[in-house]
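Engineer: Have a look at this one before I ask anything.
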Amino acid sequence: MAITLTEKAAKHVNRYLERRGKGIGLRFGVRTTGCSGLAYKLEYVDDMSPEDTVFESFGVKVFVDPKSLPYIDGTELDFAREGLNEGFRFNNPNVKDNCGCGESFRI
């Protein structure tokens, strides 16, 4: 089991944590929503939950709850800028289908 960040994604998270002035890493999970059923959720973490699984890439800790892990196991998070748009990209080997709007996915 592994969740990884590219070097670009790790640098982005570190910059944001520094600006924020607090935080120990990034929480990565899924929620039920959208056309295809699941959507990714990201938030910065100030305190670890006892049930979290922790992964680390390029010095950044990624916290994952046990319910989300089966859906995102093996995912690589990247950070990309295209013109005026920027954001995380999810390279999830478990995804079978994405919805047309790009907001949700199905396993």
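Engineer: From the list Val30, Val95, exactly one residue is aliphatic (A, V, I, L, M), assigned to a strand (DSSP E or B) and either touching a Lys or Arg at 6+ places or on another chain (Cβ under 8 Å) or closer than 23 Å to Arg106 by Cβ (or both). Which is it?
Structural biologist: Values: Val95 fails: assigned to a strand (DSSP E or B).
Every option except Val30 fails the conditions.
Engineer: Quick check on this structure: which one of Ile3, Ile72, Ile24 is hydrophobic (A, V, I, L, M, F, W, C) and surrounded by fewer than 16 Cβ atoms within 10 Å (Cβ to Cβ)?
Structural biologist: Working: Ile3 fails: surrounded by fewer than 16 Cβ atoms within 10 Å (Cβ to Cβ); Ile72 fails: surrounded by fewer than 16 Cβ atoms within 10 Å (Cβ to Cβ).
Just a single option satisfies the conditions, and that option is Ile24.
Engineer: Any residue at all in the range 7-16 that's among the acidic types (Asp, Glu) and either in contact with an Asp or Glu (Cβ under 6 Å, 6 or more places away or on another chain) or assigned to a helix (DSSP H, G or I) (or both)? Spell out how you get there, then give the answer.
Structural biologist: Within the range 7-16, the subset among the acidic types (Asp, Glu) is 7.
Filter again for either in contact with an Asp or Glu (Cβ under 6 Å, 6 or more places away or on another chain) or assigned to a helix (DSSP H, G or I) (or both), leaving 7.
So far as the range 7-16 goes, yes, one or more of its residues are among the acidic types (Asp, Glu) and either in contact with an Asp or Glu (Cβ under 6 Å, 6 or more places away or on another chain) or assigned to a helix (DSSP H, G or I) (or both).
Engineer: Given the structure, is Leu42 touching a helix residue (DSSP H, G or I) at 6+ places or on another chain (Cβ under 6 Å) and of a type outside the set (Ser, Thr, Tyr)? Give the steps one after another, and end with the answer.
Structural biologist: Details: touching a helix residue (DSSP H, G or I) at 6+ places or on another chain (Cβ under 6 Å): no; of a type outside the set (Ser, Thr, Tyr): yes.
Answer is no for this residue.
Engineer: Something else: Suppose the filter is within 12 Å of the chain's Cα centre (by Cα) and either free of Cβ contacts under 8 Å to residues at least 60 places away in the same chain or not in a strand (DSSP E or B) (or both); does Phe88 pass it? Reasoning before the result, please.
Structural biologist: Values: within 12 Å of the chain's Cα centre (by Cα): yes; either free of Cβ contacts under 8 Å to residues at least 60 places away in the same chain or not in a strand (DSSP E or B) (or both): no.
In short, no.
Engineer: If you don't mind, another one. Does the range 2-15 contain at least one residue that is within 16 Å of the chain's Cα centre (by Cα), within 23 Å of Ile107 (Cβ to Cβ), of a type in the set (Asp, Glu) and modelled with pLDDT of 95 or more?
Structural biologist: no
Engineer: Confirm whether Arg81 is more than 28 Å from Met48 (Cα to Cα) and either at pLDDT below 85 or outside any loop (DSSP other than H, G, I, E, B) (or both).
Structural biologist: Working: more than 28 Å from Met48 (Cα to Cα): yes; either at pLDDT below 85 or outside any loop (DSSP other than H, G, I, E, B) (or both): yes.
It is true that Arg81 is more than 28 Å from Met48 (Cα to Cα) and either at pLDDT below 85 or outside any loop (DSSP other than H, G, I, E, B) (or both).
Engineer: A follow-up question, please. Would you pick out the residues in the range 36-52 that are of a type in the set (Asp, Glu), surrounded by fewer than 15 Cβ atoms within 10 Å (Cβ to Cβ) and within 20 Å of Glu76 (Cα to Cα)? Talk me through it step by step, then tell me what you get.
Structural biologist: Restricting attention to the range 36-52, the residues satisfying the condition of being of a type in the set (Asp, Glu) are 43, 46-47, 51-52.
Subsequent filtering for residues that are surrounded by fewer than 15 Cβ atoms within 10 Å (Cβ to Cβ) retains 43, 46-47, 51.
Scanning the range 36-52 gives a single hit, Glu43.
Engineer: Please specify each residue of the range 22-37 satisfying the condition of being within 13 Å of the chain's Cα centre (by Cα) and within 18 Å of Asn94 (Cβ to Cβ). Lay out the reasoning, then the answer.
Structural biologist: Kept after step one, since they are within 13 Å of the chain's Cα centre (by Cα), are these residues of the range 22-37: 25-31.
Phe28, Gly29, Val30, Arg31, listed by residue number.
The values are calculated or read from the model by the stated rules, or taken from the named source; none is laboratory data. Model, not experiment: these values are computed from the prediction. All Cβ positions, glycine included, derive from the backbone under ideal geometry; neighbour counts span all protein chains shown.
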